Amino acid sequence: MSDIRFEKIALIGIGLIGSSLARVIRERRIAGNIAVASRSSETLERAHDLNLGDSYTTSATEAVRDADLVIVCVPVGASAKVARDISDTLKPGAIVTDVGSTKQSVIEQMMPVLPETVHFIPGHPIAGTEQSGPDAGFAELFDGRWCILTPIAGTDETAIDRLTGFWHACGSMVDRMDPEHHDMVLAIVSHLPHIIAYNIVGTANDFETVSKSEVIKYSASGFRDFTRLAASDPTMWRDVCLHNKDAILEMLARFSEDLSSLQRAIRWGDGDKLFDLFNRTRHIRKSIIDAGQDVDVPDFGRHVAQTEGHGEDTL
Ligand SMILES: NC(=O)C1=CN([C@@H]2O[C@H](COP(=O)(O)OP(=O)(O)OC[C@H]3O[C@@H](n4cnc5c(N)ncnc54)[C@H](O)[C@@H]3O)[C@@H](O)[C@H]2O)C=CC1
Ligand SMILES: O=C(O)C(=O)Cc1ccc(O)cc1
């Protein structure tokens, strides 16, 4: 039983993240009542079948009525619309947060629309998979993972503490960050890897002298790891690219320069340069494992094998 209680939590969007939150909130008794809102009635029906909430509606406006915590779990490009939909029915004093992968754009979209009577605290759980939709979620998704909050200056500290307590109850560790810094850090550690994966899988797909069957047959290599990331939700990642444009372009420029340097080393047979880079980078992997942040590899695999029957190995 958790000591953090919200009378009513409204989840706007019930895909991978929204449904994982629904599951952990219910399992750990974090809220008395879970209201689920989804744009599509098909998704809502599925959420109902999975018993993810206490009430279900296609109207975000209705879901947030009387909620003391509202969590927006939609692709970042839909943030402004959701903020417009909910602003008139939000309870004064409610905490409104989100889980979007980009933060500056979400703040720009939501902040001007939300009433001053609520506490708006943007957030981002650094936890996920390539799956999407209400079936893909699981209660343990946030265990041992970081959640980054990017509060706006002047936000009520009690509300931030309450939201921090919520994420702790979900199993996460919580960090605070400036939204601009968040977007730069996430551009390199999350957004660029996905873009590179989409690109390499696309290149292989277009490569006409290698047949599709060969790509599949011999993919028990690095390529296979890229295909997992490249299977991620296209709407979500389109929105991430469009809404973290500046930071992603900055990181892509650096990446391209470094790739050119690598290309030159291969062309001119500069083995020392290649060895030095490859030797330096293998230590990064070791640091991640030592910091216990490789949980997605064994844990997600185990979970998937035991419960959902989807997904496979991870990058
Ligand atoms: N998938 C992941 O690994 C992670 C995703 N995130 C962020 O979480 C948010 C949700 O992602 P997922 O749950 O993975 O996506 P999902 O595709 O599984 O679910 C998205 C939900 O939003 C709803 N939705 C889609 N477009 C909408 C619109 N225009 N208006 C209202 N509702 C709409 C869908 O019906 C669905 O219920 C995104 O902002 C994403 O950047 C954050 C951390 C990890
Ligand atoms: O599946 C993976 O490897 C991920 O990287 C999941 C993920 C996707 C988007 C985020 O904003 C945070 C985590």
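Observations
- Within the shell defined by Cβ-Cβ distances under 12 Å, the residues around residue 33 carry a net charge of +1, with Lys and Arg each +1 and Asp and Glu each -1.
- Packing-based exposure ordering (other Cβ within 10 Å, fewest first) of 61, 117: 117, 61
- Neighbour counting of Cβ atoms within 10 Å sorts the residues 277, 149, fewest neighbours leading, into 277, 149.
- Helix 157-169 axis, angle to the chain major axis (alpha carbon atoms, nearest 10°): 60 degrees
- Neighbours of residue 185, meaning other residues whose beta-carbon lies under 11 angstrom from its beta-carbon, give a summed charge of -3 when Lys and Arg score +1 and Asp and Glu score -1.
- Ellipsoid semi-axes for the chain, based on the Cα gyration tensor and the rule √(5λ), read 37, 22, 19 Å when sorted largest first.
- Taking the longest Cα principal axis of the chain as reference, the axis of helix 271-290 is set at about 30 degrees.
- Local electrostatic count at residue 249 - Lys and Arg +1, Asp and Glu -1, tallied over other residues with Cβ under 14 Å: -2
- Amide hydrogen neighbours beyond the local backbone of residue 173, cut-off 5 Å, H modeled: 144, 145, 146, 147
- Share, in percent, of DSSP beta bridges within the chain that are antiparallel, nearest 5: 10 percent
- Helix 234-243 and the long axis of the chain differ in direction by around 90°, with both axes built from C-alpha atoms.
Laboratory data are not the source of any read-out in this text; all were calculated from the coordinates shown. What you see is a predicted model, and the numbers here were worked out from it, not measured in a lab. So basically every Cβ, Gly included, is an ideal-geometry build from the backbone, and we count neighbours across all protein chains shown.
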